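What follows is a set of notes on a single structure, which appears directly below.
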């Protein structure tokens, strides 16, 4: 899964290589990059965001939990990525049926 996620999408750059991390909701692949927002501003340029994504497989149902956090403040993207890591660590399953 890490190999697939390490490939940036169109218009996306990788800021940090994908890594496997343990979260309360399961083992996740974390990837951080920069991508356009999909719209152009009044000056015709496409704003960029720094985005941190977490992909958590949910094996019993063959599903994937995806958590994505982003900031438009690129100069402090790394600090926000640390905050996003902390937010992802707070995720919990609300029902026993989702626990593996």
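Nothing in this text is a laboratory measurement; each read-out follows from the coordinates by a stated rule. This is a predicted model, so every value here is computed, not measured. FYI the Cβ positions are ideal-geometry reconstructions off the backbone, even for glycines, and counts take in every protein chain you see.
Rg ratio for the chain: its Cα radius of gyration over 2.2 N^0.38 Å, N being its residue count, equals 1.18. Remark: relative contact order (segment 52-92) = 33 percent; criterion is Cα-Cα distance under 8 angstrom and separation of 6 or more residues.
Label separation (residue 27 vs residue 79): 3.4 nm, computed from points 7 Å beyond Cα along the C-beta direction. Structural descriptor for segment 3-58: relative contact order 30 percent, calculated from alpha carbon pairs under 8 angstrom and at least 6 residues apart.
Dimensions of segment 16-73 based on its C-alpha atoms, expressed as ranges along the principal axes with the largest first, amount to 47, 23, 16 Å. Normalised by the number of residues in the chain, the average gap of Cα pairs under 8 Å and 6 or more apart makes the relative contact order 21 percent.
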